[in-house]
Amino acid sequence: MKIRQIIDTLFIKPTTNTLLQLFRYGFVGGIAFVADYGTLFCLTEFLHLHHLWSAAIAFIIGLVVNYLLSTSWVFRKHTTQNHWLEFLVFAIIGVIGLGLNELIIYIATDLCKLHYMLSKLISTGIVFFWNFFARKFILFNKK
């Protein structure tokens, strides 16, 4: 397989292949994570918001970035043509992820005494898989 074909398969051609979508979602998640993590840091360190408030706001910013990139690149099959409904379901899945995010950060930071930024890394890994599989099989699984 030529390099161009590999690049097309991994990054350009639409796909319903779960592994390829997970690969792409990893990139999308990485970009959303930078927005989320950077916002968390700035709000906590520079605006002196409590880390749980900062985490909630940052998560929402990451959610919007994730939605825009996911619907334009990762998941091309939509269960609905109503973009507001689609975003609402996407957001509900994200809110569940936010609940997991907050719970994990609380446990890791406040109970286990880890630094909040390390807690966020742990949370991100867990919430990433929840978000991908919930979105793939609930929202972007047109049969």
For the chain the mean separation of alpha carbon contacts under 8 Å (6+ apart) over residue count, i.e. relative contact order in percent, is 26
With every protein chain kept in place and a 1.4 Å probe, the residues Y116, Y37 fall, from largest accessible area down, as Y37, Y116
Over the chain, the sum of -39500 (n - 2.57) across DSSP H runs of at least four, divided by residue number and rounded to 500 deg cm²/dmol, gives at 222 nm -22500 deg cm²/dmol
Given 25 °C, 0.890 mPa s and a Kirkwood radius over Cα pairs, the Stokes-Einstein diffusion coefficient of the range 53-129 in µm²/s is 183
Per residue, accessible area of the chain with a 1.4 Å probe, heavy atoms of protein chains only, in Å², comes to 57
Counting only protein heavy atoms and leaving out ligands, DNA and RNA, the solvent-accessible surface of F23 at a 1.4 Å probe, in Å² to the nearest 10, equals 80
Kirkwood Rh for the chain from C-alpha pairs, in Å, is 15.9
Out of L88, L47, L121, a Gaussian network model of the chain with alpha-carbon springs under 10 Å gives the largest mean-square fluctuation to L47
Per-residue accessible area, 1.4 Å probe, largest first, puts E45, E86, E102 in the order E45, E102, E86
By the Kirkwood definition, with r running over pairs of different Cα atoms, the range 1-46 has a hydrodynamic radius in Å of 12.4
The FRET efficiency for L111 and L19, from their Cβ-Cβ distance with R0 = 41 Å and rounded to 0.05, is 0.70
Sorting H48, H78 on solvent-accessible surface, 1.4 Å probe, most exposed first, gives H48, H78
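The values are calculated or read from the model by the stated rules, or taken from the named source; none is laboratory data. Please read all numbers here as calculations on a predicted model, not as lab measurements. Quick reminder, even Gly has a Cβ in these numbers, built from the backbone with ideal geometry, and neighbours come from all protein chains shown. In case anyone asks, the SASA skips ligands and DNA or RNA and just uses the protein heavy atoms, side chains included. Shrake-Rupley method; radii C 1.70, N 1.55, O 1.52, S 1.80 Å.
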